[in-house]
There are 2 protein chains.
Amino acid sequence: MELTRRLTDAAEKLFDRYGYTATGMDRLTKAADMSSRTLYKHAGSKAQLMAMVLSERDKRFLCRTDVKSVEALFDALKDWTATEGARGCLFLRALGETGGDTPEITAAVEAHKAAFAARIGDIVAMDIGRDDPLLTEQIIVLFEGAAHAAIYRGNGAVDAARVAAAALVKAART
Amino acid sequence: MELTRRLTDAAEKLFDRYGYTATGMDRLTKAADMSSRTLYKHAGSKAQLMAMVLSERDKRFLCRTDVKSVEALFDALKDWTATEGARGCLFLRALGETGGDTPEITAAVEAHKAAFAARIGDIVAMDIGRDDPLLTEQIIVLFEGAAHAAIYRGNGAVDAARVAAAALVKAART
DNA sequence: GTAAATGTAAAACGATCACTTTACATGTAG
DNA sequence: CTACATGTAAAGTGATCGTTTTACATTTAC
């Protein structure tokens, strides 16, 4: 549906820019250019709308990080922040704003983070030719850290993360 | 003032647990056991209250990370999450919830992150005997990443970060 | 031709928001 | 004795919250 896509696209921008709780439904209806009746017919509730937004974002993230090396992963992160800005992980922010008390949101965050961790594990395995749980955890930490440190440190944080990741990968390969 | 401390302590817990925007003033007055009149006399506004909370938290953070080595830094992080839980950086969460549009909060976050980066720089310098901007940036990223990945990966994220940090420090020392 | 589906605009819902005010109690300093 | 500072409880401020409803227009399908 074109309407649903228009809604989730507008909602993602507003939630990301102003926060989930601080974004009111009237602002959402205006941005998506639809009546509140239609919004509720398509989304059900504000929490479900956020869950839809997170699900779309998860898909987009997995597309953008469909890469074969750890270095390419951090290039992808740099692309992301360049095109969409660096405001931290929208999933963790939504979880924090709702205290984990909103089931739809909590479920969407858990699904994304599981997929994210699996994706990193795959990239690490492709890069060094075998599974490596510790290196995977370290790359997860470096990626998450770069995404959040970039908020106040800028691109330098992503660069530092990539260099660190490359050193760890090199050490793991030998 | 004992009252002010009682207020900021209660507010920090509520903001951390439920989020800044989702925490109402009546919940705050009840938790601090004071009238709203007294709350406003001491805090001025909700945004100023959050700024006070962040300022207190900044002090506590700097006390807890008054260490001399990078390894001790990650031990301190593990202590922190063990005693206070892992819900991500309250400063970045407050910034995200307000979209950077609340001056008192934005200022408190910037002050803390500047102090944090300086602290990491000091620890790195003490550990390897000289300044190292790249290593400092990498430790910032690892610390920030461990704090956020710990939300969904648990203590393993902090352990992985410490091991990675130790390897980077060792490489920088030789 | 008519009924269902899908949309709009706009009013109304009760609840809650951050914040202020009124009215009153208490201790304390000049 | 008085005056002020500091606190409480509770009602009231207008605005905004997420959500539902009413009333009506348009398109699609049998």
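The values are calculated or read from the model by the stated rules, or taken from the named source; none is laboratory data. Just so it is clear, the model here is predicted, and its values are computed rather than measured. Note that each Cβ is placed from the backbone with ideal geometry, even for glycine, and that neighbours are counted across all protein chains shown. In case anyone asks, the SASA skips ligands and DNA or RNA and just uses the protein heavy atoms, side chains included. Shrake-Rupley method; radii C 1.70, N 1.55, O 1.52, S 1.80 Å.
Provide an ascending nm list, one decimal, of label-point separations from residue B:173 to the equivalent residue in each further copy; define each label point as 7 Å from Cα along Cα→Cβ.
So the label point of residue B:173 gives 2.6 nm to the other copies.
What net charge is computed for the residues neighbouring residue A:130, neighbours being all others with C-beta under 13 Å from the C-beta of residue A:130, Lys and Arg scored +1, Asp and Glu -1?
Result for the neighbourhood of residue A:130: -3.
Between residue B:62 and residue B:83, what FRET efficiency comes out of the Förster formula 1/(1 + (r/R0)^6) with R0 = 22 Å and r the beta carbon distance, rounded to 0.05?
That pair, residue B:83 with residue B:62, gives E of 0.85.
Taking 7 Å along the Cα-to-C-beta vector as the label spot, tell me the residue B:33-residue A:115 distance in nanometres, rounded to one decimal.
With each label placed 7 Å out from Cα toward Cβ, I get 4.8 nm.
From the Cα gyration tensor of the protein assembly as shown, with a ≥ b ≥ c the square roots of its eigenvalues, which class applies: rounded if a/c is under 1.5, or else prolate if a/b is larger than b/c, or else oblate?
oblate
Of the accessible area of chain A, with the probe set at 1.4 angstrom, what percent is carbon plus sulfur?
Looking at chain A in its full context, I get 53 percent from C and S.
Could you tally up the Lys pairs in segment B:39-158 with alpha carbons closer than 30 Å? Skip any pair fewer than 8 positions apart unless they're on separate chains.
Taking segment B:39-158 as the scope, the lysine pair count is 10.
Could you give the size of the charge dipole of segment B:71-174 about its Cα centre, using +1 on the Cβ of each K and R and -1 on the Cβ of each D and E, expressed in debye and rounded to the nearest 20?
Rounded to the nearest 20 debye, it is 320 debye.
Taking the label point as lying 7 angstrom from Cα along the Cα-to-Cβ axis, what are the distances from residue B:131 to the corresponding position in the remaining copies, in ascending order and in nanometres?
So the distances to the same position in the other copies read 4.6 nm.
What FRET efficiency comes out for residue A:172 versus residue A:40 if R0 is 45 angstrom and r is the Cβ-Cβ distance? Round to the nearest 0.05.
0.35
Taking the Cβ of residue B:20 as the centre, find all other residues whose Cβ is under 10 Å away and add up their charges (Lys, Arg: +1; Asp, Glu: -1).
For residues surrounding residue B:20, the net value is -1.
Please report the residue of chain A with the smallest beta-carbon distance to the A-to-B rotation axis, and give that distance in Å, no decimals.
A:145, 1
Can you tell me which of A:98, A:21, A:83 moves the most in a GNM of chain A? Springs connect C-alpha atoms under 10 Å apart.
A:83
Mind checking how much accessible area A and B bury in total, 1.4 Å probe, in Å² rounded to 100?
By this definition, chains A and B bury close to 2900 Å².
Going by accessible area, probe 1.4 Å, with all protein chains left in place, what is the ranking of B:113, A:170, largest first?
Solvent-accessible surface, decreasing: A:170, B:113.
Per residue, how much accessible area does segment A:51-173 have with a 1.4 Å probe, in Å²?
Heavy-atom accessible area per residue stands at 39 Å².
Note down the net charge around residue A:161, summing +1 for each Lys or Arg and -1 for each Asp or Glu among other residues with Cβ under 13 Å from its Cβ.
-3
Please work out the C-alpha center-to-center distance from segment B:41-59 to segment A:1-48 and express it in whole Å.
Value for the Cα centre distance between the two parts: 32 Å.
With an 8 Å Cα cut-off and a minimum separation of 6 or more residues, compute the relative contact order for segment B:50-173 in percent.
Value for segment B:50-173: 34 percent.
Taking each residue in A:98-104, count the Cβ atoms of any other chain within 10 Å of its Cβ, then average. What number comes out?
Going residue by residue through A:98-104 and averaging, the value is 3.
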